[in-house]
Amino acid sequence: MLKQTEGSHAIAESVALCRPKVICAYPITPQTHIVEGLGEMVKAGELADCEFINVESEFAALSVAIGSSAAGVRTYTATSSQGLLFMAEAVYNASGLGLPIVMTIGNRAIGAPINIWNDHSDSMSMRDAGWIQLYAETNQEALDLHIQAFRLAEELSCPVMVCMDGFILTHAYERVDVPSQSEVDAFLPPFEPRQVLDPAEPVTIGAMVGPEAFTEVRYLAHHKQMRALERIPALAAEFERRFGRASGGLIRPYRTEGAETIVVALGSVNGTIQEVVDEMREAGVAIGSVAITSFRPFPLAALREALMHAKRVVVLEKCLAVGLGGIVSDGVRKALSGIQLNGYTVVAGLGGRAITRASLKRLFEEAGRDALEAVTFLDLNTDLVAHELDREAGTRRSGPTAEALLKRLGTVSARIG
Amino acid sequence: MEMQTVRFYQTGTFTVGNRLLAPHERSVQAEAQRANALTSGHRACQGCGEALGARYAIDAAMRATGGKIVAVNATGCLEVFSTPYPETSWQIPWIHSLFGNAAAVASGVAAAMRRKGTDDVRVIAQGGDGGTTDIGFGCLSGMFERNDDVLYLCYDNEAYMNTGVQRSSATPPAARTATTPAMGPEPGNVFGTGKNVPLIAVAHQIPYVATASVANLRDLEYKVTRAMEFRGARYVHIHVPCPLGWGSAPADTIKVARAAVESGLFPLFEAVNGEIVSSTKIRRRTPTADYLRLQKRFAHLFQPGGEARLAHIQAIAERNIVKFGLEGTGA
Ligand SMILES: Cc1ncc(C[n+]2csc(CCOP(=O)(O)OP(=O)(O)O)c2C)c(N)n1
Ligand code: SF4
Ligand SMILES: [Mg+2]
């Protein structure tokens, strides 16, 4: 059914269609509307046979989820930013135990300075925690990915994060096609756990493992994700057959035929990138883009295939490996090992800084001239930075940095572009 | 004919002889069909109070539920000594997730049981004092506050034993630990710190709270059994001496535990719905010094200059005796 609705609400509907039995909730912007929506459905009886548990922290949220999943029921939670960090220990634990929990990340920056707006620092911080990570480009895709995520998680006994850009997707009203319950039921069978806490068949879960088997346990976690490299495209194909639209998969190339420049990015910014690609293609520039949907497992082979004929690759990342540069670029470079081409890392959109078409066009043109630095901060206010560095050089007790920058800027509404 | 006097209590121990009791009153551990939920072969130290307490507590819960128990264990000695991969001492479904989240994981298991329509399966969370009163305290309070259907068992050996005897918020004043050395003007743990989690549990007004001790195993079995009669959040805090951490003789575990109870330092009580409803009377008053002397962690108190601190500890016991009504007759 077609609906004009908020992204978060679309996700709540999608999760409800997956018939979870336990949902844990703890508020943090911009994820909150999703669990609020689900809470309402449970209270109203629309989502029957489901426990909605208001917990005291994100650490507890995921811990409750670990318990209910280990007891054999389908379990869901959602968080963002500081919340994901607060549950970090449980994030690793859930995957280490092989529990197929699905969690939405409403992507948001990590403080300090505290910032509620979108970037990918939160989910990127957990990229090696053993969860599958899928990044949605649109609200429709986010909705679809949740249905695929439960199926994938349960097939592999591996937790899945569905990452969607905070505000840009979670709070955007868009038209989405919400499938029917029978369609979802046909795609997503009831949960058959591999391990379950049951007095009829007692098992010990979470034993202490020493050097004699730890490597093997970790290898098997890696092996699971390697299998996911095959299952993710297969599930996307089956999804398309049943639901009539393409969603998910490992990567999504856009106008890459004959492209000399290819831009790689995750999430909603791909929409803007594609518009700029169209505009530049029209002007005769050989440019295309690739959206990475599955960041874990990282699709090395698919990316290599998609990028190997380009002359240059621009990786646009909404995150920063402080002291290094790119996070996504690292993987892209690995995918291209042995292939001679120019690679650029562009850090963009941190803490909600808008990524405009004008800025992207300027950036891609510079890239086309191979005039970019190895690492570029898109739309960096270099005057502001230079002034602060001068100020700090001039006085030992220079005070808090962020506050000094804001003071220098004066009262401005959230800066766009 | 001359009458023979029946000796109900073994001299010095007050232990009730099982053969003198009606079958239904006999100890769970006396039954041939006891669950042995924590079976032999685990790697606890000799005389470990925690291993003893856990065996009695879980077997009592097993009897009370017809064997339908799931246990969630926090990281700590009990977890480590019972499950060195690929061995396990647990004969029940058991999960260890993290150090600080046992109560929350248990809430999740309980929620799942409700949804599966199998809430005759009862959920126990268990952890050491560190996992309960410190790092797991947020999750514990959350579980209490939501009144989730979980029995939480805290095995209180008054320090972080698994990591080598460091101070926790359950470490008593003056106790020497690896992080409260017996040095300086205030040797050992400082006075006036720590928290009383059983009373904090009572303040949550949950259905059932009790303290118990391995000194009184029948009482421990009774309290766990009683706890299983309630639905909702329940808490039993069990005093379990640790020979390694306390510097007591492994053979003295029960003796040490009993001295803690009989001196008034570890009051045994029960609370229902936020009200203390009973306390176990002290049967033979023991001076706190007799308790402290059995443990090397308190050795510095018996050096010259320790008198004031010894008196302070005695005063704490006296206060407990008044506060919890530990004097008088009755069991
Ligand atoms: C987050 C975290 N911090 C610290 C530890 C290290 N650690 C493991 S067990 C333990 C001590 C446990 O003490 P307690 O809960 O009192 O149980 P005991 O071993 O005394 O029975 C500590 C500090 C850990 N596993 N996880
Ligand atoms: S250190 Fe203490 S609690 Fe741990 S096993 Fe030994 S006696 Fe038991
Ligand atoms: Mg302890």
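The values are calculated or read from the model by the stated rules, or taken from the named source; none is laboratory data. Everything numeric in this text was worked out from a predicted model, so none of it was measured. Here Cβ is always computed from backbone atoms with ideal geometry, including for glycine, and neighbour counts include all displayed protein chains. Calculation scope for accessible area: heavy atoms of the full protein, side chains included, ligands and nucleic acids excluded. Shrake-Rupley method; radii C 1.70, N 1.55, O 1.52, S 1.80 Å.
For the range B:228-305, the helices (runs of 4 or more DSSP H) that sit wholly inside it and include 1 or more residues that are within 16 Å of ligand 3 (Cβ to nearest atom) and under 18 Å from the mean Cα position of the chain (by Cα) are B:243-246, B:253-262. The condition (being out of contact with any Asp or Glu (no Cβ under 7 Å at 6 or more places or on another chain) and open to solvent by 10 Å² or more (accessible area, probe 1.4 Å)) is satisfied by just one residue among B:E221, B:E229: B:E229. Which residues, counting only those in the range B:166-186, are more than 19 Å from the chain's Cα centre (by Cα), away from ligand 2 (no atom under 16 Å from the Cβ) and either at negative phi or of a type outside the set (A, V, I, L, M) (or both)? The answer is B:T180, B:P181, B:A182, B:M183, B:G184, B:P185, B:E186.
Go over the candidates A:T293, A:T272 one by one and state the one that is crowded, with 24+ Cβ neighbours inside 10 Å and either more than 29 Å from A:I105 (Cα to Cα) or of a type outside the set (A, V, I, L, M, F, W, C) (or both).
Working: A:T272 fails: crowded, with 24+ Cβ neighbours inside 10 Å.
Exactly one residue qualifies, and that residue is A:T293.
For the residues B:N157, B:N162, the requirement of being within 14 Å of ligand 1 (Cβ to nearest atom) and within 14 Å of chain A (Cβ to nearest Cβ) singles out B:N162. Within the range B:21-36, the only residue that satisfies the criterion of being closer than 12 Å to B:Y222 by Cα, assigned to a loop (DSSP other than H, G, I, E, B) and open to solvent by 40 Å² or more (accessible area, probe 1.4 Å) is B:R26.
Just one of the listed residues (B:K296, B:K255, B:K223) is of a type in the set (K, R) and more than 16 Å from ligand 2 (Cβ to nearest atom), namely B:K223. Just need a number here: residues in the range B:61-83 that are within 16 Å of ligand 2 (Cβ to nearest atom) and open to solvent by less than 10 Å² (accessible area, probe 1.4 Å). Within the range B:61-83, residues that are within 16 Å of ligand 2 (Cβ to nearest atom) and open to solvent by less than 10 Å² (accessible area, probe 1.4 Å) number 6. Note on the range A:27-52: residues that are touching a strand residue (DSSP E or B) at 6+ places or on another chain (Cβ under 7 Å) and either more than 8 Å from every other protein chain (Cβ to nearest Cβ) or under 18 Å from B:G100 (Cβ atoms) (or both) total 10. Among the candidates B:V256, B:V277, B:V214, B:V240, which residue alone is closer than 29 Å to B:A30 by Cα, touching a His at 6+ places or on another chain (Cβ under 8 Å) and modelled with pLDDT of 95 or more? Just a single option satisfies the conditions, and that option is B:V214. In the range A:300-311, what residues are touching a strand residue (DSSP E or B) at 6+ places or on another chain (Cβ under 8 Å) and open to solvent by 20 Å² or more (accessible area, probe 1.4 Å)? Correct list: A:A302, A:A306, A:K311. With (1) outside any helix (DSSP H, G or I); (2) within 16 Å of ligand 1 (Cβ to nearest atom); (3) crowded, with 22+ Cβ neighbours inside 10 Å; (4) more than 7 Å from every other protein chain (Cβ to nearest Cβ) as the list, and B:L151 as the residue in question, which single condition is left unmet? So B:L151 meets the others, but not (2).
Residues of the range A:176-224 that are open to solvent by 90 Å² or more (accessible area, probe 1.4 Å), under 20 Å from A:S157 (Cβ atoms) and either outside any helix (DSSP H, G or I) or within 8 Å of chain B (Cβ to nearest Cβ) (or both): A:P190, A:E192, A:R194, A:E201. Evaluate the following for B:E158: is it under 19 Å from B:G131 (Cβ atoms) and either in a loop (DSSP other than H, G, I, E, B) or without any contact (Cβ under 8 Å) to a residue 24 or more places away in the chain (or both)? Taking the combined requirement at face value, the residue satisfies it.
The strands (runs of 3 or more DSSP E) found entirely in the range B:46-147 that carry 1 or more residues being more than 10 Å from chain A (Cβ to nearest Cβ) are B:122-128.
Somewhere in the range B:269-284, is a residue surrounded by 21 or more Cβ atoms within 10 Å (Cβ to Cβ), touching a helix residue (DSSP H, G or I) at 6+ places or on another chain (Cβ under 7 Å) and under 19 Å from B:E158 (Cβ atoms)? No, the conditions are met nowhere in the range B:269-284. Of all positions in the range B:317-324, at least one carries a residue that is touching a Lys or Arg at 6+ places or on another chain (Cβ under 9 Å) and in a helix (DSSP H, G or I).
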